[in-house]
């Protein structure tokens, strides 16, 4: 089971909603979100845990930092066991990660980020993977563009964070993604 931890996604919880939606579409999720615990399928492929970041996070395959993540205590995350996904527009959090020398997958509209949107529209968007990223089983996802077909409009960073989850889980983007 692929473990995903979402830290600091308060307010609209756009990142949490997008990640749970994509995990549900691609294998199902066991979700621990605030005071709720539920499954979206009988044999879920993903464990999704959300937190305000106040507790120590010991493990996780993917840690996604939400829009209010600058309040998260980065020192409580065992970064040696996880891949960090961040909205590169969050300059305060980027500075914290850089000071700790924590590697992260940056996501935004910038062509300099690991994941960006190269063509925006609804319901189809083109996502660009700008550099290699490690995926499940010791493999690598190489630079590429792929389509994402959306059932509902989704903000840029939540969409890219959800794509990062699928790519790092080894789910092929050859035919694009739908969620």
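The values are calculated or read from the model by the stated rules, or taken from the named source; none is laboratory data. Predicted model, so just to flag it, every value in this text is computed and none were measured. Virtual Cβ from ideal backbone geometry, glycine too; neighbours counted across all protein chains shown.
Could you look through the stretch 38-53, keep only residues that are farther than 20 Å from residue 8 by Cβ and out of contact with any helix residue (DSSP H, G or I) (no Cβ under 9 Å at 6 or more places or on another chain), and pick out the one that is surrounded by the fewest Cβ atoms within 10 Å (Cβ to Cβ)?
For the stretch 38-53, the residue satisfying everything is 42.
Taking the stretch 57-72 as the region of interest, how many residues are at pLDDT 70 or above, assigned to a loop (DSSP other than H, G, I, E, B) and surrounded by fewer than 19 Cβ atoms within 10 Å (Cβ to Cβ)?
2
Hey, could you check the stretch 75-106 for residues that are part of a helix (DSSP H, G or I) and at pLDDT below 70 and say which is surrounded by the fewest Cβ atoms within 10 Å (Cβ to Cβ)?
Residue satisfying both the conditions and the ranking: 80.
Tally up the residues in the stretch 33-53 that are under 16 Å from the mean Cα position of the chain (by Cα) and free of Cβ contacts under 8 Å to residues at least 24 places away in the same chain, please.
Of the residues in the stretch 33-53, 1 are under 16 Å from the mean Cα position of the chain (by Cα) and free of Cβ contacts under 8 Å to residues at least 24 places away in the same chain.
Could we say that residue 170 is farther than 22 Å from residue 12 by Cα and part of a helix (DSSP H, G or I) here?
no
Answer yes or no as to whether residue 159 is within 19 Å of residue 68 (Cβ to Cβ), assigned to a helix (DSSP H, G or I) and either out of contact with any strand residue (DSSP E or B) (no Cβ under 8 Å at 6 or more places or on another chain) or touching a residue at least 12 places away in the same chain (Cβ under 8 Å) (or both).
yes
Any chance you could count how many residues in the stretch 117-135 are assigned to a loop (DSSP other than H, G, I, E, B) and more than 17 Å from the chain's Cα centre (by Cα)?
Result for the stretch 117-135: 4.
Each row is one residue, and each column tells you yes or no for (1) modelled with pLDDT of 90 or more; (2) surrounded by fewer than 17 Cβ atoms within 10 Å (Cβ to Cβ); (3) under 13 Å from the mean Cα position of the chain (by Cα).
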site: 115; (1), (2), (3): yes, no, yes
site: 137; (1), (2), (3): no, yes, no
site: 145; (1), (2), (3): yes, yes, no
site: 153; (1), (2), (3): yes, yes, no
site: 167; (1), (2), (3): yes, no, yes
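Give me the residue from the stretch 4-36 that is at pLDDT 95 or above and part of a strand (DSSP E or B) and, out of that set, nearest to residue 149 (Cα to Cα).
My answer is 29.
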